[in-house]
Amino acid sequence: MNTITNEITILYQQFINAWNSRNARGMAKQFTDNGELIGFDGSQVIGREEILSHLEPIFKDHPTPPFISKVKTVRPLSSEVVLLRAVAGMVPPGKTEIDPNFNTHHTLVGVKSEGGWRIELFQNTPAQFHGRPELVAQMTKELEQLTKN
């Protein structure tokens with residue numbers, strides 16, 4: 001793994017770890033000042049402070065399950081911009097298996113700044129594969145393998 005790939009993978013993992021620990025501030029600090037978050041429900045939030053304000057009530061009012069995720073690709077677009085693509089799923093509270101209704105594609109655009117790598121865009125797109133249940137099953141199986149390690 002080269003240095004840029006490793007650094008962006010760490011940035012993504014810090015973001016996921018903050019979600020999994022229900023830490024809105026930890027998530028927001030991974031973004032640039034004007035970074036954008038597009039949520040699973042399609043909500044769009046721009047700016048680190050707005051992202052924090054958006055996430056705090058989510059963690060306060062909802063029992064958000066942790067992400068189980070797998071980085072699929074990391075592609076440098078330049079020496080200072082990188083695209084990461086991952087897949088993720090969730091095991092809801094009280095359940096023991098990934099719920100395919102929560103399967104998602106994660107897209108992260110990272111930019112290098114004086115303070116290191118930060119997220120310029122994070123998009124969380126539902127992976128429902130309408131009319132193609134075999135793709136839902138395939139993604140779920142891939143993510144379930146991660147729960148067995």
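The values are calculated or read from the model by the stated rules, or taken from the named source; none is laboratory data. Predicted model only: the values in this text are computed from it and were never measured. Cβ placement follows ideal geometry from the backbone for every residue including glycine, while neighbour counts extend to all protein chains displayed.
Here is a list: 34, 6, 20, 2. Which entry is over 14 Å from the mean Cα position of the chain (by Cα), within 22 Å of residue 143 (Cα to Cα) and not charged (D, E, K, R)?
Working: 34 fails: within 22 Å of residue 143 (Cα to Cα); 20 fails: over 14 Å from the mean Cα position of the chain (by Cα); 2 fails: within 22 Å of residue 143 (Cα to Cα).
Of the residues listed, the single one that is over 14 Å from the mean Cα position of the chain (by Cα), within 22 Å of residue 143 (Cα to Cα) and not charged (D, E, K, R) is 6.
Among the residues that make up segment 115-122, is at least one of them under 14 Å from residue 12 (Cα atoms), surrounded by fewer than 12 Cβ atoms within 10 Å (Cβ to Cβ) and at pLDDT below 95? Quick ask: steps written out before the conclusion?
Looking only at segment 115-122, we keep the residues that are under 14 Å from residue 12 (Cα atoms), and these are 116-122.
Those still in the list that are surrounded by fewer than 12 Cβ atoms within 10 Å (Cβ to Cβ) too: 116.
From the residues that got through so far, the ones that are at pLDDT below 95 too are 116.
Within segment 115-122 (the criterion being under 14 Å from residue 12 (Cα atoms), surrounded by fewer than 12 Cβ atoms within 10 Å (Cβ to Cβ) and at pLDDT below 95), the answer is yes, since at least one residue qualifies.
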Is it true that some residue in segment 57-75 is crowded, with 16+ Cβ neighbours inside 10 Å, in contact with an Asp or Glu (Cβ under 9 Å, 6 or more places away or on another chain) and under 26 Å from residue 7 (Cβ atoms)? yes
Do you know which residues across segment 40-77 are assigned to a strand (DSSP E or B) and in contact with a helix residue (DSSP H, G or I) (Cβ under 7 Å, 6 or more places away or on another chain)? 45, 67, 68, 69, 70, 71, 74, 76
Quick one: would you say residue 89 is at pLDDT below 95 and under 28 Å from residue 4 (Cα atoms)? no
What's the number of the condition residue 102 fails, among (1) closer than 17 Å to residue 9 by Cβ; (2) buried (at least 18 other Cβ atoms within 10 Å of the Cβ); (3) not acidic (Asp, Glu)? (1)
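Right, residue 18: more than 14 Å from residue 117 (Cα to Cα), among the small types (Gly, Ala, Ser) and assigned to a strand (DSSP E or B) or not?
Details: more than 14 Å from residue 117 (Cα to Cα): yes; among the small types (Gly, Ala, Ser): yes; assigned to a strand (DSSP E or B): no.
No, not satisfied.
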Which pairs have Cβ atoms under 7 Å, sit 6 or more apart or on different chains, and link a residue in segment 51-66 that is under 24 Å from residue 32 (Cα atoms) and without any contact (Cβ under 8 Å) to a residue 60 or more places away in the chain to one that is aromatic (Phe, Trp, Tyr) and outside any helix (DSSP H, G or I)? 51/31
